[in-house]
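All remarks here apply to the structure that follows.
Readers should treat all values here as calculations from the given coordinates under stated rules, not as data from a laboratory. Values in this document were obtained by computation on a predicted structure and should not be read as measured data. Here the Cβ is made from the backbone with ideal geometry for all residues, glycine too, and neighbour counts use every protein chain on show.
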Amino acid sequence: MNFYEIYQSIEDGIRDVYQSDRYQNYLKTMSRFPSYSLNNCILIYQQRPDATLVAGYQAWRRNFERSVRKGERGIRILAPIRRKKKKEEEEEPQSVGFRMISVFDVSQTIGKPLPSYMDDRLEGTVEDYEEFIEQLEQISPVPVRFDAIKGNAHGYYSKKKQEIVLRTDMTQLQTVKTLAHEVAHAKLHSETEEPAALSRAQKEIEAESTAYIICSHYGLDTSSYSFGYLAGFSSSAELKELRGSMERIHRASSDMIRDLDILRRFETKTDRFEDRTLWA
């Protein structure tokens, strides 16, 4: 594909991904690659929606002692072309454009088993629940407190009082998901960050999508709740608003995962595959 076809494919992917279960599958892809650009997440999803870990042909051999199976077709993504910095320059090399490269998913390779941390998945319950809640509170831009809440709301972000309030009688998984949702609201929809004239539907789609990505990245399945919730708002959202929402979702979820991983004292799965391995 040429660059026009690549970008047309991205735009088509944005429209397609918002329909039925494609949106859920796309968010799962985004949760696996939080450090990748929005465009590359879409390209990976379009070509191999079940991808979990990707790297270049030589990177698999050099860094992981694995080989790409004969006949496997690469996943085409965009890689930055960086201008080499001069000796007297102290700043990082600047990106001057993009080129198309091929990467391969781990399922397309054979060889030495990957380190066990790459297969670590949380199932059902929330491991280290108290620590996870504390870490979400630490990355929140506003204070968090627990209280009795009237009605059916699980929690809320108060822009006026600059606080997040969570109800006290929820399960661990619901509490983690709700806190991630409200932290996303606080990050995306504050007085200083919120884009003009966002509808309530957009705000809820952005916050719940971000929460789903966060939970999915750490192995917590909230799909039975999140996608029923999203269905209630998506019908009233205009398709033309989707690009902006997806960019904000991508930014918020990537930033939150990065900050959580710093607190959790381990590198993200994708960090280990990006930059030093991906552009091989």
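Taking amide hydrogens as placed 1.01 Å from N in the peptide plane, the amide H of V144 sits under 5 Å from those of I164, each at least 5 positions away in sequence or on another chain.
When each of the peptides 210-216, 246-252 is scored by the mean number of other C-beta atoms lying within 10 Å of its residues, the order from highest to lowest reads 210-216, 246-252. Shown in residue order for the stretch 64-72 are the 3J(HN,Hα) couplings computed by the Karplus curve 6.51 cos²θ - 1.76 cosθ + 1.60 at θ = phi - 60°: 10, 6, 10, 10, 6, 4, 4, x, 5 Hz (x for Gly and Pro).
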